[in-house]
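What follows is a set of notes on a single structure, which appears directly below.
Computed from the coordinates by the stated procedures, all read-outs in this text should not be read as laboratory data. Everything numeric in this text was worked out from a predicted model, so none of it was measured. Note that we place each Cβ from the backbone using ideal geometry, even for glycine, and neighbour counts take in every protein chain shown.
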Amino acid sequence: MKDFWEGQAKKFKYNVQTVNFDPLCEDLEMTFLETLIKDGDVICDVGCGNGRTLIELAKKKKNAKFYGVDFIPQMIDIANEKKNEMNLKNIFFYKSDAATENLAKLFDFKFDKIITKRLLINVKGKSKHQAIKNIHALLKENGTYIMIECFLEPLNKINKIRTELNLEEIKVKTFNEYLPFKFLDDIEDKFVIEKKIDFGSLYYFISRIFNASLSEGDPDYFSPINKLALKLTKMGVSPIEGYSPEIIILLKKIS
Ligand SMILES: C[S@@+](CC[C@H](N)C(=O)[O-])C[C@H]1O[C@@H](n2cnc3c(N)ncnc32)[C@H](O)[C@@H]1O
């Protein structure tokens, strides 16, 4: 799996494709994420990749402080290069593994908010709980964990429809483990769910079912129908729920 992320960093550098195959979905995710960050917050992105998420946020929230951690040195190099090029003084990047105890020792202060964007799905089996323990330890009392991860049940719903339409099932990469919703029950001694934001159902339904059915060959992530799905969702039109594997979950720390 480390080979995969090193390859992505080498191939796409600071481009969005380093961290997300679907740039429009990334755009949508960022639109929602931005609304959750206050100027003045101290924030950590665990599994920050090439730093794009934090750099985009830092451009807009000048009085917030951003810290990024990733275990791929090439990702951290790209992030530092970009931050220096843009002369951003409120971001700091570190190399560390989210799934070892070292992460919790990396900082001698606590965060208002911690983000993971598709980090936990990269962490195998029980190590996920070490990552969760670290996030809990690094948050201030009442701090918020902004979990943006992929869940199995919505993917299964999409795949059921795709199968009925004779489309191939969307396969999860071999090194990824999508979370079952039950995972949220397993961490309820540490976090209470404040809000679930199903930000992508309309987008996923249109792009993975409509666009896939209407396309000949491989569907284009930038197709007009996907752009329409993005626009409608940003306009607040979202008549469909339960079809987005990616969900934003706001989890409040409990001691
Ligand atoms: C899908 S990318 C997301 C990057 C970033 N959060 C974003 O959305 O722009 C996942 C990142 O997690 C990193 N990662 C995976 N497992 C990790 C671990 N155990 N510790 C630290 N980083 C990890 C990978 O190197 C990769 O950069």
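At a glance:
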item	result
Residues SER238, SER215, SER201, SER255, sorted so that the one with the fewest Cβ neighbours within 10 Å comes first	SER255, SER215, SER238, SER201
DSSP bridge orientation in the chain - percent antiparallel, rounded to nearest 5	40
nm² value of the averaged projected area, convex hull over the Cα atoms of the chain	13.5
Amide proton proximity set for PHE93, modelled H, under 5 Å, gap of 5+	GLY68
Stokes-Einstein D for the stretch 83-170, Kirkwood Rh over Cα pairs, 25 °C, 0.890 mPa s (µm²/s)	157
The chain: most fluctuating residue of GLY143, GLY125, GLY68 per GNM, C-alpha cutoff 10 Å	GLY125
Other-chain or far-sequence residues with amide H under 5 Å of PHE111's (modelled H)	LEU139, LYS140
Most fluctuating residue given options ILE158, ILE197, ILE121, as computed from a GNM of the chain linking Cα atoms under 10 Å	ILE197
Residue of LEU36, LEU28, LEU152 that the Gaussian network model of the chain assigns the largest fluctuation, springs spanning Cα pairs under 10 Å	LEU36
Spin-label pair ILE170/ASN102, simplified geometry with 7 Å Cα→Cβ offset, distance in nm	3.4
Residue-wise HN-Hα coupling along the stretch 236-248, computed from phi with Karplus coefficients 6.51, -1.76, 1.60 (Hz; x: Gly, Pro)	x, 8, 8, x, 10, 10, x, 10, 9, x, 8, 9, 9
